[in-house]
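Colleague: I am attaching a structure below and will ask some questions about it afterwards.
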Amino acid sequence: MKINAQINWTDGLQFVARAGNGPAVVLDSSDGGSGPSPMELVLIGVAGCTAIDVIMILQKKRADIVDFEVNISGERAEDYPQRYTRIHIEYVLSGRDIKPNAVEQAIQLSETKYCSASASLNA
């Protein structure tokens, strides 16, 4: 599967990116503040990827989820290329009759099998 993306410079260190026919996303440096930095987008991508996996798996198990969020943080190396050396993910959800083992299984499946964003970081 091939995915195409394009990024266009606007001003300073701000860029506008688009993948395929999707909506545009503004990127900026950490200091610019008009959008997330590329490394912040990496974290957002991992969080979004695992969130979609977990929700899909729990919906297949007919879990009645009312609220769901993923909190993610990453630690980066001091030396360049300053890659992520550690990522911590916290899943917070609420609902009715949700089985804890079903949630644990959904998270494990996302982390070990389905989340292509985190698998790409582990490559």
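The values are calculated or read from the model by the stated rules, or taken from the named source; none is laboratory data. Quick caveat: nothing in here was measured; it's all calculated off a predicted structure. Cβ placement follows ideal geometry from the backbone for every residue including glycine, while neighbour counts extend to all protein chains displayed. Just so you know, the surface numbers come from the protein's heavy atoms only, side chains and all, with ligands and any DNA or RNA stripped out. Shrake-Rupley method; radii C 1.70, N 1.55, O 1.52, S 1.80 Å.
Colleague: Of the numbered conditions (1) modelled with pLDDT of 95 or more; (2) under 17 Å from I107 (Cα atoms); (3) more than 17 Å from the chain's Cα centre (by Cα), A63 fails exactly one; give the number of that condition.
Modeller: A63 satisfies every listed condition except (1).
A quick yes/no check of all residues on (1) hydroxyl-bearing (S, T, Y); (2) surrounded by 15 or more Cβ atoms within 10 Å (Cβ to Cβ); (3) under 24 Å from T112 (Cα atoms):
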| residue | (1), (2), (3) |
| --- | --- |
| M1 | no, no, yes |
| N21 | no, no, no |
| L27 | no, yes, no |
| R86 | no, no, yes |
| S94 | yes, no, yes |
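Colleague: Under 6 Å by Cβ, and 6 or more places apart or on different chains, what pairs join a residue from segment 1-16 that is touching a residue at least 12 places away in the same chain (Cβ under 8 Å) with one that is open to solvent by 100 Å² or more (accessible area, probe 1.4 Å)?
Modeller: Qualifying pairs under 6 Å: Q6/R18; F15/W9.
Colleague: Listed residues E111, E78; which is acidic (D, E) and buried (at least 16 other Cβ atoms within 10 Å of the Cβ)?
Modeller: So the residue among E111, E78 that is acidic (D, E) and buried (at least 16 other Cβ atoms within 10 Å of the Cβ) is E111.
Colleague: All but one of (1) more than 25 Å from N122 (Cα to Cα); (2) free of Cβ contacts under 8 Å to residues at least 24 places away in the same chain hold for D97; state the number of the condition that does not hold.
Modeller: (2)
Colleague: Among the listed residues G95, G74, which satisfies the condition of being over 20 Å from the mean Cα position of the chain (by Cα) and in a strand (DSSP E or B)?
Modeller: G95
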